[in-house]
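The values are calculated or read from the model by the stated rules, or taken from the named source; none is laboratory data. Since this is a predicted model, take the numbers as computed values, not measurements. Glycine gets a Cβ as well: all are built from the backbone with ideal geometry, and neighbour counts include every protein chain shown. For accessibility, only protein heavy atoms count, side chains too; no ligands or nucleic acids. Shrake-Rupley method; radii C 1.70, N 1.55, O 1.52, S 1.80 Å.
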Amino acid sequence: MLMHASLALLLVLAGATIGCGAGRSAPVAPTPAPTDESSAAAIARARADSARYPYTAADIAFMQGMIGHHAQAIVMSHLAPERTESASIRTLAARIINAQRDEIAIMERWLRDRQQPVADTSAMHAHQHMGHAMMPGMLTDAQMAELEAARGEEFDRRFLRLMIQHHEGAITMVTELFATDGAAQDQTVFRFAADAQVDQRTEIARMQRMLAALLFAQAEP
Amino acid sequence: MSRVVPTLRHMRRAFSATAVLTLLATASLAAQAKAPSPDPRIGLKAGRYDAGEAAWNMRLVSTTKSPPRFEDGVNSDLAFTGKYAIQGNFNGFVVWDISNPATPVVTTEYFCPASQSDVSVYKHLLFVSGEGMEGRLDCAEGGVPTAISGERLRGIRIFDISDITKPKYVGNVQTCRGSHTHSVLADPNDKDFVYVYVSGSAPVRPEIEMPGCTAGQPGDNPGSAMFRIEVIKVPLANPGAAAIVASPRIFEGLEAPPVHGASPADAEEMAKARAAGAFIATIGGEEMVLPNGFVTQLMGQVMSARGATGAPTAADSAALRTALPGIIAQMMGGSADDARGPKPGPNQCHDITLYPAMGIAGGACEGYGLVLDISNPANPRRLDAVADSNFAYWHSATFNNAGTTVLFTDEWGGGGGPKCRAGDPYEWGANAIFTLKDGKMSFASYYKLPVAQTSLENCVAHNGSLIPVPGRDIKVQAWYQGGISIFDFTDPAKPFEIAFHDRGPLDPTQMQMAGSWSVYWYNGSIVSSEIARGLDIFDVVASPLLTQNEIDAAKTVRFEEFNAQMQPKFTWTPSFPVARAYLDQLERDGGLASGRIRAIRSALTNAERASGAARSTALQTLATQVTADAAGAKDGTKVRTLAETIRGI
């Protein structure tokens with residue numbers, strides 16, 4: 001039994017697909033740029049910033065893509081409360097929701113201030129992707145369905161493993177951004193990308209230790 | 001925690017009364033022993049230069065806008081020398097003459113963009129950090145257009161400020177990850193050099209841009225620029241010749257301890273297991289002995305893949321050992337190299353606070369807080385490490401003056417997020433306070449800004465310094481748009497707030513970066529670098545929580561220069577204010593009978609009125625009496641310290 005669970009997990013992971021890079025991010029549905037007074041001021045401020053450090057298509061694609069990427073992490077985390085019995089998984093999921101929701105706000109503001117299209121992620125649910133192309137680490141429909149169906153410790157194991165995969169994808173997106181000519185000159189993009197990379201790497205290590213504890217306990221006779 | 005929960009609940013209620021509180025917010029508050037209720041920090045009006053303000057037990061003396069070329073940059077850290085405060089800005093740095101705190105004057109503007117322009121001063125030298133992709137060697141604006149460029153500066157800029165009105169840009173030291181922050185360390189044994197510890201958190205530069213810069217695991221690539229800090233040695237007489245002399249891997253062999261505190265027993269067990277031939281893998285930066293049941297499972301898989309049956313043979317074991325890193329990587333994420341080790345631990349520090357007088361440093365390094373032995377400046381050595389499941393990202397460290405307590409901050413969300421909302425847990429984005437004994441840390445408590453902020457205000461624990469009140473551990477700390485909080489952590493298990501200042505959000509409609517990046521006590525003033533609003537200077541206002549005598553005693557401590565990341569040890573020259581500060585503390589805590597306190601106060605007053613031999617005799621007599629008081633006092637130690645102070649006046 002236990003043996004099978006472990007093997008099944010390995011098989012699921014072996015089938016995980018890693019999609020395209022940040023520079024070729026998923027198309028997003030544009031929303032109209034806001035036009036009220038305060039955003040006019042914000043746009044003016046962004047223009048002043050951008051005159052000094054021009055942003056590039058890669059920066060825009062990164063910010064747009066990462067919103068969709070984060071949105072999926074939030075969808076995954078919202079599955080946790082009903083499916084887990086572990087307090088530490090609940091805490092982890094709550095942290096991810098809190099952190100990534102705030103980061104989405106930063107990215108949306110940056111894009112709106114530059115009058116770039118921002119996808120609406122508020123209505124996103126488990127079976128909806130931000131476009132069809134996959135960004136690094138994004139869960140496939142099959143992976144998401146398996147996560148949704150899992151309960152208890154099985155959910156915990158899948159959640160951790162898939163969130164590790166998801167976070168690793170975000171780090172890949174940052175790495176690709178920094179390797180692109182002219183990218184990340186903008187201080188908001190630089191700071192956000194560098195911080196996201198550090199925060200998620202720290203969180204991966206934490207999740208790996210949590211996952212190891214589960215797998216070890218499960219294997220004990 | 002029980003202390004905190006009612007406060008937060010109370011604040012949620014108070015949110016509904018925002019309109020009423022806005023009216024109250026500007027009313028001045030008399031010095032109070034108890035925090036005002038409802039908390040006036042709630043409901044403050046938004047604005048850049050006209051935001052609503054609330055203060056308790058401290059007073060804003062002046063706010064001065066940054067010069068025009070810096071007004072739209074981001075103000076960052078502060079360093080001090082003589083009568084000057086040097087303020088970093090993402091567009092360069094500004095030197096302020098703060099000799100009159102009511103009217104700081106810009107002495108020098110130096111335009112030289114780089115994020116985040118962390119500044120430190122040592123004698124005639126100024127060091128400035130550059131981390132971002134846009135920093136240029138020629139200080140021009142416009143950034144660097146290509147991913148690989150010979151024009152980019154990521155590392156440390158060095159300025160000669162012998163004439164502070166005309167800084168001379170005398171050198172650079174480029175580093176592989178740039179410099180997010182840095183800390184300066186004087187070598188007690190060699191006056192001709194100073195060391196700079198560089199922490200960088202950004203991705204590694206391409207090797208074509210800077211030879212020798214490569215990423216990866218140190219086990220695989222001994223030259224990896226990750227998993228290390230850089231130590232720069234600067235000859236004071238020829239700062240242009242500064243160079244990296246060591247890249248210590250202070251994280252090597254780091255065992256992630258279970259929540260709080262590492263155990264030498266764990267390390268011993270690991271060594272034993274290794275000697276016994278156990279299967280060991282690195283998971284999440286931590287080396288783990290794989291339990292038997294787990295190994296049996298994996299062995300079964302490996303044997304089945306090899307077509308083997310029956311009891312595992314030595315060949316099966318060898319096959320599992322070879323396959324193990326790959327299997328672990330597939331199960332836990334990461335690469336096979338991660339699982340093979342050596343244990344990489346965190347791969348960089350955010351900030352390192354050096355406490356040379358004690359020969360120790362506090363490193364805030366990703367998921368860990370480290371204590372380092374820095375008695376050999378070029379070769380720091382790790383003494384202890386702690387992890388904390390509530391901490392996202394260890395940002396900086398402050399020691400208490402005795403070096404018996406260390407406080408780490410968690411800059412959750414990187415400083416750009418509103419992490420002080422009513423729903424954000426008290427343990428997240430807070431300070432964690434540890435006691436420190438023989439180089440080992442034990443968790444004592446958390447301290448977080450004890451008032452909720454709006455979602456328009458970036459807020460998380462950030463930079464601050466001690467206030468040199470003798471006999472107490474008091475820190476003034478920046479919380480970005482959460483404002484400034486002064487708190488006492490003399491008892492590391494029971495920190496409490498004694499003063500604050502706060503403004504409303506910068507923008508009424510959306511969160512924009514603002515607030516106090518750093519706030520430090522410097523020679524009697526509290527100076528704050530306001531990200532979007534310029535330079536703020538404050539006074540502490542006496543209250544029962546911090547008396548005028550205690551403030552006066554703190555003001556007797558003076559420095560020629562000050563960098564918060566090179567923490568100086570305070571010593572108090574015996575004086576009347578210092579003696580009276582101790583007396584106030586004995587009264588507050590019931591450390592000595594009140595009749596004796598009154599008598600000693602009156603004897604001190606008389607001695608101060610006297611002069612020459614009469615004063616000296618009066619003080620010696622009093623000191624002898626106070627020494628005798630110590631025996632029967634509740635706080636005999638403090639009474640003896642008081643006696644010594646009186647004897648030394």
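Leaving ligands and nucleic acids out of the surface, order B:Asp473, A:Asp120 by accessible area at 1.4 Å, largest first.
On the way: B:Asp473 20, A:Asp120 105 Å².
The residues order as A:Asp120, B:Asp473, largest area first.
Can you tell me the accessible area per residue over segment B:576-648, all protein chains present, probe 1.4 angstrom, in square angstrom?
Ligands and nucleic acids excluded, the result is 48 Å² per residue.
Can you list which of the DSSP-assigned H helices in chain B have a Cα extent of 24 Å or more along the long axis and an average Kyte-Doolittle score of at least 0.5? Kindly include the intermediate steps, with their values, before the conclusion.
On the way: long enough: B:314-332 (26 Å, 0.85); B:612-632 (32 Å, 0.24).
Helices meeting the span and hydropathy rule in chain B are B:314-332.
Based on the inverse mean of 1/r over its pairs of different Cα atoms, what is the Kirkwood hydrodynamic radius of chain B, in Å? Can you show the working numbers first?
Values: mean 1/r = 0.0375 Å⁻¹.
This gives a value of 26.7 Å.
Answer rounded, prolate or oblate for segment B:111-236, using the Cα gyration tensor with square roots of eigenvalues a ≥ b ≥ c: rounded when a/c is under 1.5, else prolate when a/b is larger than b/c, else oblate.
Details: a/c = 2.41, a/b = 1.22, b/c = 1.97.
The shape class here is oblate.
To the nearest 20 Debye, how big is the dipole of chain B about its Cα centre, given +1 on the beta carbon of each Lys and Arg and -1 on that of each Asp and Glu? Before the final figure, lay out the partial values.
Numbers: 57 positive and 64 negative charges, 294 e Å.
It comes to approximately 1420 debye.
I want the local charge near B:Phe111. Using Cβ-Cβ distances under 11 Å, sum +1 for each Lys or Arg and -1 for each Asp or Glu among the other residues.
Values: positive: B:Arg69; negative: B:Glu109, B:Glu141.
Net charge in that neighbourhood comes out at -1.
When the accessible area of segment B:336-463 is split by element with a 1.4 Å probe, what percent falls to carbon and sulfur? Please list the in-between numbers first.
Values: 1460 of 2900 Å².
Reported share for carbon and sulfur atoms: 50 percent.
For B:Thr409, B:Thr146, write out the residues from largest to smallest accessible area, computed with a 1.4 angstrom probe and no ligands counted. Provide the component values of the computation, followed by the final result.
Working: B:Thr409 0, B:Thr146 50 Å².
My answer, sorted largest first, is B:Thr146, B:Thr409.
Over segment B:357-397, what per residue volume does the convex hull of the Cα atoms give, in whole Å³?
Details: hull volume 2.7 nm³, N = 41.
Taking the convex hull of the Cα positions in segment B:357-397, it is 66 Å³ per residue.
About its Cα centre, how strong a charge dipole does segment B:576-648 have in debye, to the nearest 20, once Lys and Arg get +1 and Asp and Glu get -1 at the Cβ?
Numbers: 11 positive and 7 negative charges, 25 e Å.
Approximately 120 debye in magnitude.
Say the dipole of chain B comes from +1 at the beta carbon of Lys and Arg and -1 at that of Asp and Glu; which of B:Gly277, B:Ala499, B:Gln477 then lies farthest toward its positive end?
B:Ala499
What percent do you get for the relative contact order of chain B when only Cα pairs under 8 Å and 6+ apart count?
Values: 1600 pairs, mean separation 84.1, N = 649.
In percent, rounded to a whole number, it is 13.
Can you list the trypsin sites (Lys or Arg not before Pro) in segment B:510-607 that are in a DSSP coil and have 16 or fewer other beta carbons within 10 angstrom?
Here the trypsin sites (Lys or Arg not before Pro) that fit, given the DSSP loop and packing criteria, are B:Arg558, B:Lys569.
How large is Rg over Rh for segment B:270-380, taking Rg from the Cα atoms and Rh as the Kirkwood inverse mean of 1/r across Cα pairs?
Details: Rg = 19.3 Å, Rh = 16.5 Å.
With Rg and the Kirkwood Rh in hand, the quotient comes to 1.17.
With only alpha-carbon atoms in the gyration tensor, what are the semi-axes of the equivalent ellipsoid for segment B:64-106, in Å, largest first?
On the way: eigenvalues 62, 28, 9 Å².
Working through the eigenvalues yields semi-axes of 18, 12, 7 Å.
At A:His78 and B:Glu269, where each label point lies 7 Å from the Cα along Cα→Cβ, what is the point-to-point distance in nanometres?
4.1 nm
For B:Glu457, what accessible area in Å² do you get when you roll a 1.4 Å probe over the heavy atoms of the protein chains, rounding to the nearest 10?
Surface accessible to solvent at B:Glu457 totals approximately 10 Å².
How much accessible area does B:Arg647 have with a 1.4 Å probe, in Å² rounded to the nearest 10?
Estimated to the nearest 10 Å², B:Arg647 gives 90 Å².
May I ask for the net charge around A:Thr84, where only other residues with Cβ less than 12 Å from the Cβ of A:Thr84 are counted and Lys, Arg are +1 while Asp, Glu are -1?
On the way: positive: A:Arg83, A:Arg90, A:Arg151, A:Arg157, A:Arg158; negative: A:Glu82, A:Glu85, A:Glu153, A:Glu154, A:Asp156.
Here the count lands on 0.
Counting only other chains, what is the mean number of Cβ atoms within 10 angstrom of the Cβ of each residue in peptide B:285-294?
Taking the mean over all residues of the peptide, I get 5.
Quick one: order A:Glu82, B:Glu134 from most to least accessible surface, probe 1.4 Å. Present the calculation step by step, with values, prior to reporting the outcome.
Values: A:Glu82 155, B:Glu134 0 Å².
Highest to lowest solvent-accessible surface, that is A:Glu82, B:Glu134.
When only alpha-carbon atoms count, how far does segment B:278-340 stretch along each of its three principal axes, as whole angstroms with the largest first?
For segment B:278-340, the Cα spread along each principal axis is 34, 18, 15 Å.
Percent of Cα-Cα pairs more than 20 Å apart in segment B:576-648, please.
Numbers: 480 of 2628 pairs.
Distances greater than 20 Å cover 18 percent of the Cα pairs.
Considering only B:Asn606, B:Gly595, B:Gln625, whose Cα is most displaced toward the positive end of the charge dipole of segment B:576-648, charges sitting on Cβ of Lys, Arg (+1) and Asp, Glu (-1)?
B:Asn606
Quick one: which of B:Lys191/B:Lys233; B:Lys123/B:Lys166; B:Lys419/B:Lys448; B:Lys65/B:Lys475; B:Lys437/B:Lys555 span more than 18 angstrom between C-alpha atoms? Don't skip to the answer; put the middle values down first.
Details: B:Lys191/B:Lys233 12 Å; B:Lys123/B:Lys166 15 Å; B:Lys419/B:Lys448 10 Å; B:Lys65/B:Lys475 26 Å; B:Lys437/B:Lys555 29 Å.
From the list (B:Lys191/B:Lys233; B:Lys123/B:Lys166; B:Lys419/B:Lys448; B:Lys65/B:Lys475; B:Lys437/B:Lys555), the Cα-Cα distance tops 18 Å for B:Lys65/B:Lys475; B:Lys437/B:Lys555.
Determine Rg/Rh for segment B:355-444; Rg is computed over alpha-carbon atoms and Rh is the Kirkwood hydrodynamic estimate from the same atoms. Mind dumping the intermediate values first?
On the way: Rg = 13.6 Å, Rh = 13.5 Å.
My calculation of the ratio gives 1.01.
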